[in-house]
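Here the structure is laid out as structure tokens; the discussion comes afterwards.
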Amino acid sequence: MRRRSATLGTAALALAGALLVWFVSTTLFPYHSLNHDEAVYLQQAAMLLEGQLYLDPPVEGVFRPWFFVDAAEGMYPKYAPVPAAMFAVGELLGGYRLTLVAVAAGNLALAVGVVREAFDARTGLLAAVLVLASPLFVISSSVFLPYAPTHVLNLAFAYCYLRADRIGSRRWAAAAGAAVGLAFFARPYTAVLFALPFVGHALWSLRGEIDVARLRAPLALVRDSDAVGRQATTAALGLAGVAIALGYNAVVTGHALTFPYAAFAPLDGLGFGQRRILNHEVAYTPELALEANGRVLWIFFAKWVAGGLVTAGLAGLGVAVAVRRGLTDRQAPLAGLLVSIPVGNVCFWGNFNVLGGLDTAGDGLVSALGPYYHFDLLLPTAAFAAVAALAIAARVSDAVAARPEFDARTGRVAAAAAVLVLAGGVGAVAADIAREPVERNAEVTDSYERAYEPFEGGPPANSLVLLPDPYGNWLNHPFQAVRNDPGYDGRAVYAIDDRPFATADAFPNRTLHRYVYRGGWAPYDGSPSAARLQRVEDVRGDRLTLTATVGVPAGAESVTVRVGTGDGSVYRVASAANSSVEFRLVVTDERVAVEGLGGPANETLTIDGVETVRASAFVDYGPGGSFSYRFDLPVDATDGRVRALSPGVELCRGVRSCGGAAAYVPETAPDGVTVETDLAATDGDT
């Protein structure tokens, strides 16, 4: 009955975790999180489903996804493929998010199993409850990042290892080795830090099995000694995982010892000294490491564990209780994780990066997603907090039962009440500390909802969508929710809007669109405020004419039109008496002229090959009320004729707001502010 109750309890916890993660993933992160690494793993998962290790883009420079290495063979991600492969399995079964659900359930079930192996079933169940109630567990399990998937491999290793040790099974030892090998392939340093205490246990368990004489016949030693055989089996399969990881390195980077992340950024590694990734660089000194990791640990225990500092204090008390009772060799690895994970993370500068600015409270990804590099610390913290909680309950029960007016049953009731009081305190603190990251991520999702509104219901069929690049020449950074199929043959193809003519020529049978948004890309501050998917015409001929009509709200003093190329600028001033102003840009293979506003008829500007002709209409309202319409017209005049694409249109409150973050979105424009454009081509006398 007791075993059946524990099994049902474990199943209930796993189911509750699965349902919670599904809810959070679909409601709080429908467009993914602030961490754009999610798109890397999902892009990699799609590649694996197509049997691809590399992407082969049709146009150079506009199809490189975030955190992909550009190599001679093609583009490949900087991350190992194991988490992506796990996400791919979910897609095969019906959707990527199914993997999140399965991993969450697996982590909770294995948490019960690992703690039960080290202590007992009650402690395991209570520890898993604390894990489930931890904001770090819920948030990290609900996004497509590698920490929860790697953790399930680490827990599988721990459970199989402890079970093999208890029943003397080489099969379970083999399963432990396979799990830790996969964990190493997924995240090598994370797996090493988790495995170190268990390696210590393995060496301790062999202390009486090996001597110099027996080492002369190692195969016989493995055959004759159960302990040596089990540990050798685990080690062999674990090392097989290491070999597979190094083999993957050799395939994609050309060198077994060069991991993809090092090929992407050679100074993005472990240890101290100069560290750099892209344009981010810092001298990572031991002093800076200790300061950063101290803050990360404080944040972990204060804000991201169920119950915060209450549970942290219980965990410390639990270690003391376990030591006083006589910490067993099977419990020691869990205590060791409280050392190996924090100490090992000091050598990793990622813990500095998640903080953002050290002197800014609530800055960096840690404020929204938590100290995810310490995800593996949840289990030992919860385990020893459970030990302390049950010890307190037992002490209360004994104290009550010892009084002459009470009996043992009353003591058990008092113990249950003590557990409920502790649970209530932990639950209240957990709810309070979870509120801040939930609200922050909800604000981000609200911004994403506005930004991706043009794609609601899917992008236009058979389309080619040109995207802006607020963070540089990267796809999926920040636009994670719109990704290319590995073969560039999906419903839509997405490209950076840097080489529009070459991109359009690579997909001649697709309709061309341009995605633009209004406001800087700052989802945590409620921006963008609106977005638009603009249909783009591709025209060519001997002569092109762009006719632009802009609205002039009442009260304007004048309208100044400026047209510029690399050759210089032309200005025209129009009356603001009418409700609109119309002007035309006439483009040939060599020159552009302004028509429709008076001024010298022969005043033109030279066009040199592929160029962007920029026109603006400044509506003068006097100090503080003026604004500009801006038109960016891509022109190609390289083959004796001229070609152009529909211009990008912006509505700018100031000069500095133009340049990609002030898109004209008709639905959000003030009264009287309107734009109409018409791009036409003529050949010869036509």
Computed [θ] at 222 nm, deg cm²/dmol, the chain (DSSP H ≥ 4; -39,500 (n - 2.57); rounded to nearest 500): -15500 deg cm²/dmol
Overall Cα dimensions of the chain - principal axes, largest extent first, Å: 106, 66, 47
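Calculate, in nm to one decimal, what ARG166 and VAL438 gain on full extension: separation in residues at 0.36 nm each, minus their alpha carbon distance. Write out the running numbers ahead of the final one.
Working: separation 272, 0.36 × 272 = 97.92 nm, distance 4.14 nm.
Taking 0.36 nm per residue and subtracting the Cα distance, the gain is 93.8 nm.
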Express in whole angstrom the spacing between the alpha-carbon centres of region 319-368 and region 79-126. 21 Å
Quick check on packing: order 496-504, 563-571 by the mean number of other C-beta atoms within 10 Å, highest mean leading. 496-504, 563-571
In the chain, taking the dipole from +1 charges on Lys and Arg beta carbons and -1 charges on Asp and Glu beta carbons about the Cα centre, the listed residue (SER646, TYR524, TRP172) farthest towards the positive end is TRP172
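If you take the beta carbon distance between ASP542 and TRP298 as r and set R0 to 56 Å, what does 1/(1 + (r/R0)^6) give as a FRET efficiency, to the nearest 0.05?
Values: r = 69 Å, r/R0 = 1.24.
Efficiency for this residue pair is about 0.20.
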In degrees, nearest ten, helix 332-345 long axis to first principal axis of the chain (Cα): 30 degrees
Rg followed by Dmax, in Å, when region 511-612 is reduced to its Cα trace: 17.0, 50
Estimated distance in nm for a label pair at TYR524 and GLU667, the labels positioned 7 Å out from Cα along Cα-to-Cβ: 2.8 nm
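Can you order the peptides 324-336, 84-96, 39-51 by their average number of other Cβ atoms within 10 Å per residue, highest first? Working shown, then result.
On the way: 324-336: 15.8, 84-96: 17.8, 39-51: 20.6.
So the peptides 324-336, 84-96, 39-51, ranked by packing, come out 39-51, 84-96, 324-336.
By counting other Cβ atoms within 10 Å of each Cβ, how are ILE139, ILE607 ranked from fewest to most?
Numbers: ILE139 26, ILE607 22.
Neighbour counts put them in this order, fewest first: ILE607, ILE139.
Where the convex hull is taken over the Cα atoms of region 539-682, what is its projected area averaged over directions, in nm²?
Values: hull surface 33.2 nm².
Averaged projected area of region 539-682's Cα convex hull equals 8.3 nm².
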Using the eigenvalues of the Cα gyration tensor, what equivalent ellipsoid semi-axes result for region 457-534 when each is taken as the square root of five times the eigenvalue, whole Å, largest first? 22, 13, 12
Could you work out how far helix 378-401 tilts from the main Cα principal axis of the chain, as a 0 to 90 degree angle to the nearest 10? 40 degrees
Taking R0 as 51 Å, what's the FRET efficiency between VAL323 and PHE23 from their Cβ-Cβ distance, rounded to 0.05? 0.80
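Read the figures in this text as sums done on the coordinates, not as results from a lab. Predicted model, so just to flag it, every value in this text is computed and none were measured. Quick reminder, even Gly has a Cβ in these numbers, built from the backbone with ideal geometry, and neighbours come from all protein chains shown.
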